[in-house]
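Worksheet: the structure to be examined is printed underneath.
What follows draws every value from the coordinates through simple rules; no lab data is involved. Because the structure is a prediction, the values reported are computed rather than measured. Cβ placement follows ideal geometry from the backbone for every residue including glycine, while neighbour counts extend to all protein chains displayed.
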Amino acid sequence: MKVGTPKMMRTIALPLSLLLILSIWTSWPSRAAVPKLDTIRVGIFLEVPGKYKLNTSTATFSSASAIQVGLRLPSAVLPVGQSKAGETIRFTLDDYKPIVAKTGNFQTALSVVKRLKALGGTGMLTSLNQSSGLVYQVIEGSYATSAEARTAADRWGKDATIASLTGKAKIELMGPLHMQAGTFASKAEAFQAAQAYGKAGIDAFPAMKQTGKANPAYTVLVGASPDAGALVSVKEQAGKAVPEFDLQPLDASSVYMALRDDYSVTESAQSPAALYAVPMNGVKIWISSTASTGIKLAERYNRTYRGQFEISGFSNRLAVINELPFEQYLYAVVGAEMPASWHAEALKSQAVAARTYALYQGFGFQVAHVVDTTLSQAYGGIGSEKPATINAVDATKGEAATYNGKVIETVFSSSAGGATADATEIWGNSVPYLKTVTSPDESSEKGLYHWYRAVLTSGDVGYIREDLLEETGQQTEIGQAIMRVKSDGVKVRPIPLVQENVPAVGQVNKGSLVVILEKVTQSNEMSWVRGPYTADALLALTVGKVRTAVKGPIRTLEVSQTGPSGRPVALSVNGQKFDVKNPDGLRAALGGLPSTRFEIDETARMTILGSDDRVQERPSSNSTLVVLGGDGQPKDLIDPNLFILSGDGTVRAATKDPTFRFVGNGNGHGVGLSQYGARGLAELGYDYKYILQYYYKDIKIVKE
């Protein structure tokens, strides 16, 4: 039996192909909603003008296995060398640097390096062959222009210790302008040629240079001049001293790496590390290792990283980019953003949020998708990974949050403080999936001490931790509890938290009695206190943080408008607008408050009914305060602190002069997922998809 003629079969095939096309088309929006990202580029050190700045003058790498070094071209990576297993290699920009010291004595040079570090500089101890033998050079920093380098040189030249070590020798500048001499098949040949110039008193060092062939060649860079005039002088001197090599100016677009020895890390004249100087023109250096323990970057807290690194000059600064598989990047992000001991469903919600956030950013930093700080999301390398965070990422592989078919900006913060913020409350613009919801963030308070806000016999007010006080059974005449200090030398803190770098309010000894105003939980991600700030101190905090400077002393500061979650979105200072770019700017302008959810305690604000029934508002009125004593005689109030009994029996600590405290909830901007809230929901039995859809309204969780 025939199924059909060829013509009939072709007729049948057409609708099937159409059906296939329609099927692919209708599923396309959900598939396309999650962009595919196999590898991600993370900016470790990077400067993107107007957006991000985290600089280093050197990048120091090591690995348990050999590190492969190559030139990264658009078509391939050309290998140029490798380190030994466990060996350190360093990179810096071939830019402008002061030559702070030049000496044949290694210990003198090393002392200069240590002094520079003590002064906040970044000295590198290198060497060159000269007519007198091996000469050690101490070069400092990384500067985009000769003017910047000269400013730094002037600073180091004024230091008495450096001057004593160098014999007050003038600090010279080196720069990125070179002559090149010849082409050589090996580093050894280039090194011998460089020595010939060195014996003539001319700085020269070997360099790798890409020639367009499969393997790079070597050349000699003669001179390191900061300007064209100095380069002409080098050319004349070098041409006469070593005429056998053809000298040509090094093209500014050349792909090269200058090679030097560096003793800064080992601090030993017998064991230098390889120092690669990378041109400022965007040449990309690629380093990789097969070690399962990754590659260590000393300048970033000695963290180790999966994947590879790209080093280049970008925006006239050294750019250090970690490139690795996207999902493996998330292993470390989840571990850096959320404790691995938390509930698995909370970790999964963080994994999806982190994945979605990175996808949303695109190539947000010009040469990197994201950076490793909380400006993007925290990324701590292999050290941040834990089995639980890896499992959370693997269990949600490829999943992301979408709204109307597009990935969303899954912003998150540590704690919403009981209620998340609407996007309008923080950035001033409405986002349909970023609305306020209640949030179970209380778990951050578990196991913390309580603190008592207490009044000392001096009248000063501060906080004492609960284990340092004991009950007396006594009360004041108005019913306030009186407690006794249990040991000597107890510090009274300005907020309910030990801050060793913040002066204590006072100190009390065993047996001292204090009057209790309130009992609170130690400042944490859920609840906190900041201040008190005097009017002058608060004014100083606002400098440079507001668009319109606050005039005169601050007498009043109050919330003039709140948003959907109750967060302040506008403040007035002395009756005028407190002018910040957006509501989130309030945090920075008020001394770096932990969150956007806070109230202001204006301790000098009070309403006073006088004996003649006149109402006086303070601090609008600065008239003298007079109180009626127990003997019935009026007297001026001299003490800075006073205490007001409200109608409901609550005692409020007030001050005669304007002082400001901030009492708040939460940690971070409060928009989107609350990490402590995710933990709370997970512990109540909710899964990660519910958690995400709870914090991001009307979204879908889709998979690539």
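Using Cα atoms only, what is the angle between the long axis of helix 326-337 and the major principal axis of the chain, expressed in degrees (0 to 90) to the nearest 10?
Helix 326-337 sits at roughly 30 degrees to that axis.
So how many Å³ per residue does the convex hull of the Cα atoms of region 454-523 work out to?
Values: hull volume 5.8 nm³, N = 70.
Spread over its residues, the Cα hull of region 454-523 gives 83 Å³ apiece.
Divide by every residue of the chain the summed helix terms, -39500 (n - 2.57) for each DSSP H run of at least 4, and state the resulting mean residue ellipticity at 222 nm, rounded to the nearest 500 deg cm²/dmol.
Numbers: 14 runs with 159 residues, N = 704.
That comes out to -7000 deg cm²/dmol.
Taking 41 Å as R0, compute the FRET efficiency from the Cβ-Cβ separation of Lys114 and Leu73 and round it to 0.05. Working shown, then result.
Numbers: r = 39 Å, r/R0 = 0.96.
Between Lys114 and Leu73 the formula returns 0.55.
Listing Lys545, Lys446 from the residue with the fewest other Cβ atoms within 10 Å to the one with the most, what is the order? Please report the intermediate quantities before stating the final value.
Details: Lys545 18, Lys446 9.
If I rank by nearby Cβ atoms, fewest first, I get Lys446, Lys545.
Rank the residues Glu525, Glu558 as a footprinting-exposure proxy: fewest other Cβ atoms within 10 Å of their Cβ go first.
Working: Glu525 24, Glu558 14.
By the 10 Å Cβ count, ascending: Glu558, Glu525.
How high is the FRET efficiency from Arg547 to Ala147, r the C-beta distance, R0 25 Å, rounded to 0.05? Please list the in-between numbers first.
Working: r = 31 Å, r/R0 = 1.24.
Step by step, r from the Cβ atoms, then E = 0.20.
So for region 538-606, taking the charge dipole from beta-carbon charges (+1 Lys/Arg, -1 Asp/Glu), which of Gly585, Ser572, Ala604 sits furthest toward the positive end?
Going by the Cα projections, it comes out as Gly585.
So if I restrict to the alpha-carbon atoms in region 122-224, what is the Rg, and what is Dmax, the biggest pairwise distance, in Å?
16.0, 51
Which trypsin sites (Lys or Arg not before Pro) does region 143-184 hold that lie in a coil by DSSP with at most 14 other beta carbons within 10 Å? Can you show the working numbers first?
Working: sites: Arg150, Arg155, Lys158, Lys168, Lys170; in loops: Lys158, Lys168, Lys170.
Passing sites in region 143-184 are Lys158, Lys168, Lys170.
Extending each Cα 7 Å along its Cβ direction at Asn404 and Asp467, get the distance between those two points in nm, one decimal.
A separation of 5.4 nm, rounded to one decimal place.
When the Karplus curve 6.51 cos²θ - 1.76 cosθ + 1.60 is applied with θ = phi - 60°, which whole-Hz ³J(HN,Hα) does each residue of region 362-376 get, with x for Gly and Pro?
x, 9, x, 10, 6, 10, 8, 6, 9, 10, 8, 9, 6, 4, 9
Given contacts defined as C-alpha pairs under 8 Å and at least six residues apart, what's the relative contact order of the chain, whole-number percent?
About 13 percent, as a whole number.
Note the full-extension length gain between Lys446 and Ala504 as 0.36 nm times their separation in residues minus their Cα-Cα distance, in nm to one decimal.
Working: separation 58, 0.36 × 58 = 20.88 nm, distance 2.57 nm.
Residue separation times 0.36 nm, minus the Cα-Cα distance, leaves 18.3 nm.
May I have the count of lysine pairs in region 446-596 with C-alpha atoms under 20 Å apart, counting pairs 8 or more residues apart or located on different chains?
Taking the Cα cut-off of 20 Å, the pair count is 9.
Stokes-Einstein D for region 257-327 at 25 °C, 0.890 mPa s, Kirkwood Rh over Cα pairs, in µm²/s? Mind dumping the intermediate values first?
Working: Rh = 13.7 Å.
Translational diffusion coefficient: 179 µm²/s.
Would you calculate the separation in nanometres between label points at Asp154 and Asp698, each defined as 7 Å from the Cα along the Cα-to-beta-carbon direction?
Label-label distance for Asp154 and Asp698, simple model: 6.0 nm.
Rounded to the nearest whole Å³, what is the per residue volume of the convex hull around the Cα atoms of the chain?
Details: hull volume 182.8 nm³, N = 704.
Hull volume normalised by residue count: 260 Å³.
Provide the packing ranking of 666-675, 215-224, 79-88, i.e. peptides ordered by the mean count of other C-beta atoms within 10 Å per residue, highest first.
Numbers: 666-675: 27.5, 215-224: 23.5, 79-88: 16.3.
Listed from highest to lowest mean packing, they are 666-675, 215-224, 79-88.
What chymotrypsin sites (Phe, Trp or Tyr not before Pro) in region 673-704 are in a loop by DSSP, with at most 16 other Cβ atoms within 10 Å of the Cβ?
Values: sites: Tyr676, Tyr686, Tyr688, Tyr690, Tyr694, Tyr695, Tyr696; in loops: Tyr686, Tyr696.
Counting only loop positions with at most 16 other Cβ atoms within 10 Å, none of the chymotrypsin sites (Phe, Trp or Tyr not before Pro) in region 673-704 qualifies.
In nm, to one decimal, how far is the Lys199 label point from the Ile608 one, both placed 7 Å along Cα→Cβ?
Label-label distance for Lys199 and Ile608, simple model: 9.2 nm.
Which whole-Hz couplings ³J(HN,Hα) result when phi for each residue of region 282-298 is put into the Karplus expression 6.51 cos²θ - 1.76 cosθ + 1.60, θ = phi - 60°, listed in order with x for Gly and Pro?
After applying 6.51 cos²θ - 1.76 cosθ + 1.60, I find x, 4, 10, 9, 10, 10, 8, 8, 8, 5, 5, 7, x, 10, 8, 10, 4 Hz.
Do any GluC sites (Glu not before Pro) in region 202-299 lie in a DSSP loop with no more than 16 other beta carbon atoms within 10 Å, and if so, which? Show your work: numbers first, answer last.
Details: sites: Glu236, Glu244, Glu267, Glu299; in loops: Glu244, Glu267, Glu299.
Here the GluC sites (Glu not before Pro) that fit, given the DSSP loop and packing criteria, are Glu244, Glu267.
Could you work out how much longer the chain between Ser430 and Ser132 gets when fully extended? Use 0.36 nm per residue separation minus the Cα distance between them, nm to one decimal. Don't skip to the end; give the middle numbers.
Numbers: separation 298, 0.36 × 298 = 107.28 nm, distance 7.07 nm.
My answer for the length gained is 100.2 nm.
Going by how many other Cβ atoms sit within 10 Å of their own, how do Phe245, Phe326 line up, fewest first?
Working: Phe245 21, Phe326 17.
Ranking Phe245, Phe326 by Cβ neighbours within 10 Å, fewest first, gives Phe326, Phe245.
Could you order peptides 413-420, 433-440 by the average number of other Cβ atoms within 10 Å of their residues, highest first?
Result, highest mean first: 413-420, 433-440.
Which Cα, out of Thr556, Thr122, Gln180, lies furthest along the positive dipole direction of the chain (beta carbon charges, K/R +1, D/E -1)?
Gln180
Size of the dipole of the chain about the Cα centre, Lys and Arg at +1 and Asp and Glu at -1 on the beta carbon, nothing else charged, in debye to 20?
Details: 71 positive and 65 negative charges, 388 e Å.
In debye, rounded to 20, the chain gives about 1860.
At 0.36 nm per residue, minus the direct Cα-Cα distance, what do Val437 and Glu189 gain on full extension? Give it in nm, one decimal, please. Don't skip to the end; give the middle numbers.
Numbers: separation 248, 0.36 × 248 = 89.28 nm, distance 7.01 nm.
Stretched fully, the Val437-Glu189 segment lengthens by 82.3 nm.
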